[in-house]
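In what follows, a single structure is set out as structure tokens and then discussed.
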Amino acid sequence: MSNPSDKTETRMNKQPEKRRADLLNMSLEEIKSDLVSLGEEHYRGDQIYQWVYRDVAFDEMTNLSKSLRQKLAQNYIIGTLKQLKRLISADEHTIKYLYLLSDNNIIECVVMKYRHGNTICLSTQVGCAMGCSFCASATGGLIRQLNAGEMMAQVLESNRDLAKLGWNPVSNVVLMGSGEPLDNYENTMKFIHQIHHPKGYNMSYRNITLSTCGLVPKMRALADEGLNINLAVSLHASNDNVRKKIMKVANVYSIEEIIDASRYFYAKTGRRITFEYVMIDGVNDRPELAAELSQLLYGFPNHVNLIPLNENKQNKKKRSNNTAIREFMSVLRSYGINVTIRREMGSDIQGACGQLKADFMEKL
Ligand code: SF4
């Protein structure tokens, strides 16, 4: 006959393990108040927060007692990502990572080596709902939002690998990977505050760039936050008719509304806006469209970044030829617009957003 206490024990064994919170997804204030609820001193939060961003495991947090370190291990994790793939470009200036999340979703990010430091272009969502026709991330729509800890984990996980390769840790962040950051506003803002926090990663706001396809109300909300971050607007067209051919969001917000919101961002932050313009053969690369774009951008500090389309199987579009790109640039310059052509970094390793993941999934 079985002992009733065995059944109790079996039932107890079947209790789901308590879900441990990810410290990378918690602000310093959240960590402190959590610690107090666990019977610990408030100030311990500062020590723990500093260790976490120095990439130190619980048992190596030497200024904490053994019992607190055990308590931390029982109640928290420091989020990690599993590296599925790493591709290094032939010129060794770009590294692309494919990471597995804890729920088996896959995201990607890119690290680029510049003279001013290493920049990580990271993902803010799994997939994207915005449906831009030239983008591989749009293919499967939005799967889910990433939380701030998962954004931070892309930085820390990449840094671990960069150290092995002899690269410096990333000093700049661009929110321009898969996903529309303003479509994941709360988590994105939390991440920006976390990576800026002087007791944490301590990255200057000026080293952070948020790229949006033009979600006007959220652009205005971002301006009202008054942060000194850089804003990049994916415009890609000089009028709504052309924009509607390549970007679904153009059916919701007009270019005029986007430019107004950009001017508002400049008025609130004093930061020059970058307008991204992907050059697509026969779609948006005619010289008269450059003249039209100049009229739109007149009268406030901005910069146009012309991006030769990264051709791929997913977007089925062709890159503008070099002559068309140079002509487009010289028309903009003739109107006094500040313009550059983006270096084509990492095109040999599927550098465009969503492309590596799409190719990887195809082979599964
Ligand atoms: S370009 Fe950006 S906003 Fe557009 S579908 Fe791709 S990830 Fe989304």
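The values are calculated or read from the model by the stated rules, or taken from the named source; none is laboratory data. Values in this document were obtained by computation on a predicted structure and should not be read as measured data. Cβ placement follows ideal geometry from the backbone for every residue including glycine, while neighbour counts extend to all protein chains displayed. The protein model used for the area step is the full one, side chains on, heavy atoms only, and it has no ligands, DNA or RNA in it. Shrake-Rupley method; radii C 1.70, N 1.55, O 1.52, S 1.80 Å.
Tabulated values for the structure
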| read-out | value |
| --- | --- |
| Residue list for the stretch 125-137, filter: closer than 21 Å to R86 by Cβ and either away from the ligand (no atom under 12 Å from the Cβ) or polar (S, T, N, Q) (or both) | S137 |
| All positions within the stretch 194-222 that are within 21 Å of N172 (Cβ to Cβ), over 14 Å from the mean Cα position of the chain (by Cα) and more than 16 Å from the ligand (Cβ to nearest atom) | H196, H197, P198, K199, G200, Y201, N202, M203, S204, Y205, R206 |
| Among residues of the stretch 223-242, those that are outside any helix (DSSP H, G or I), farther than 12 Å from I273 by Cβ and away from the ligand (no atom under 16 Å from the Cβ), counted | 5 |
| Wholly enclosed strands (runs of 3 or more DSSP E) of the stretch 252-349 bearing at least 2 residues in the same structural domain as G131 (by TED's automatic domain parsing), open to solvent by less than 80 Å² (accessible area, probe 1.4 Å) and in contact (Cβ under 8 Å) with a residue 60 or more places away in the chain | 273-279 |
| Strands (runs of 3 or more DSSP E) wholly inside the stretch 69-138 containing at least 1 residues that are more than 28 Å from V56 (Cα to Cα) and open to solvent by less than 20 Å² (accessible area, probe 1.4 Å) | 125-127 |
| Condition check for Y185: in contact (Cβ under 8 Å) with a residue 24 or more places away in the chain, open to solvent by less than 50 Å² (accessible area, probe 1.4 Å) and of a type outside the set (G, A, S) | yes |
| Subset of the stretch 139-168 (residues that are open to solvent by 20 Å² or more (accessible area, probe 1.4 Å), touching a strand residue (DSSP E or B) at 6+ places or on another chain (Cβ under 9 Å), of a type outside the set (D, E, K, R) and away from the ligand (no atom under 16 Å from the Cβ)) | N147, N159, L165, W167, N168 |
